[in-house]
Amino acid sequence: MDNERRMPVHVAIIMDGNGRWAKKRGLPRTAGHAQGARVVEQILEDADHMGIRYLTVYAFSTENWSRPDSEVRSLMNLLRTYMKTSLAKCAKNNVRIRVIGDKSRLDEDLQVSIANLERDTAHNTGIGFQIAINYGSRDEIVRSVRALAKNVRKGLIEPDEINENMITNNLDTGGIPEPDLLIRTGGEQRISNFLLWQTAYAELYFCDTAWPDFSKKDLEKAVEAFNSRERRYGGLIS
Ligand code: FPP
């Protein structure tokens, strides 16, 4: 039995099940999101301690705007608070933050907090933490292709020179290695427009645990499954 465990370099998570977690306890859905936000902070620390180098979480999708106003406001407020309070923690833990998604639709003050946090953590050398806000993978690909089209119009590149690397580098995740493990909590088995291009070769792991109950043990189980599949399909254990 191989006792060497290979750690995925980049883990991406679709944090589902907040609403059902709250409902089961007779709480408003927003209480599920609030608990979910606490779990995000804990899992970021756990992932870091386990040696994972990048963690990307799906906090708010382009489709989430269609939820009731009060829920959208509550999610935005959670993110707002996170952006304002996490700097000290990030500095202490050497975390580098990047927000992916179309930030232009977010409230001005949130955009400013995000820009500040990204700037102030840019030189940290520990775990890279990507938070997807107003994120949709198809939208991200469209924005990448548009950026390339503009370069074609300026005469900087020829259409036939466009290749996969150029599209990859112009995504919001440009410069970050693609996820090798994608986890979805909450029992559904869908990708929901998350990192479609980047997860072309990722292992997919679905679990029934609702996100607010997700713990380091669950993350370790996912990494174990990732390892056993690597062995099964003849991947190299480094
Ligand atoms: C899906 O659960 C979850 C979301 C739409 C939001 C996830 C956001 C957080 C956990 C907060 C993020 C905070 C930080 C600090 C990054 P759902 O509401 O769809 O659950 P359900 O399927 O049970 O209804």
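Table for the structure above
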| read-out | value |
| --- | --- |
| Shape call, the stretch 90-131: gyration tensor on alpha carbons, a/c limit 1.5 | prolate |
| Overall form of the stretch 1-149 per C-alpha gyration tensor (a/c, 1.5; a/b vs b/c) | rounded |
| Proximal lysines to K150, defined as alpha-carbon separation beneath 24 angstrom and excluding residues fewer than eight positions away on the same chain | K103 |
| Choice from A210, A122, A132 showing the highest fluctuation, given a GNM over the chain with Cα pairs closer than 10 Å | A122 |
| Percent RCO, i.e. relative contact order, over the stretch 112-213, from Cα pairs under 8 Å lying at least 6 residues apart | 26 percent |
| Apportionment of accessible area to carbon and sulfur, the chain, percent (1.4 Å) | 49 percent |
| 5 angstrom amide H check on T56, placed H, neighbours 5+ away | V11, A12, I13, Q130 |
| Tensor-based shape of the stretch 87-238 (alpha-carbon gyration tensor, a/c under 1.5 rounded, otherwise prolate or oblate) | oblate |
| Debye, to nearest 20: dipole size of the chain, +1 on Lys, Arg Cβ, -1 on Asp, Glu Cβ | 560 debye |
| Rounded accessible area per residue of the chain, 1.4 Å, Å² | 53 Å² |
| Expected 222 nm ellipticity per residue - DSSP helices of 4 or more, -39500 (n - 2.57), all of the chain, to 500 | -15000 deg cm²/dmol |
| FRET efficiency, 1/(1 + (r/R0)^6) with R0 45 Å, evaluated for E158 and R190 via beta carbons | 0.75 |
| Length gained when the stretch K24-R138 is fully extended (0.36 nm per residue, less Cα-Cα span) | 37.7 nm |
| Exposure rule at most 16 other beta-carbon atoms within 10 Å, DSSP loop GluC sites (Glu not before Pro): the chain longest free segment | 5-187 |
| Net dipole in debye of the stretch 56-136 [+1 Lys, Arg Cβ; -1 Asp, Glu Cβ; about Cα centre; nearest 20] | 340 debye |
| Förster radius 41 Å - calculated FRET efficiency between W65 and K92, Cβ distance, rounded to 0.05 | 0.75 |
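The values are calculated or read from the model by the stated rules, or taken from the named source; none is laboratory data. Remember, predicted model here, so these are calculated numbers, not experimental data. In this analysis, Cβ positions are derived from the backbone assuming ideal geometry, glycine residues included, and neighbour counts consider all displayed protein chains. Note: areas computed on protein heavy atoms with side chains; ligands, DNA, RNA excluded. Shrake-Rupley method; radii C 1.70, N 1.55, O 1.52, S 1.80 Å.
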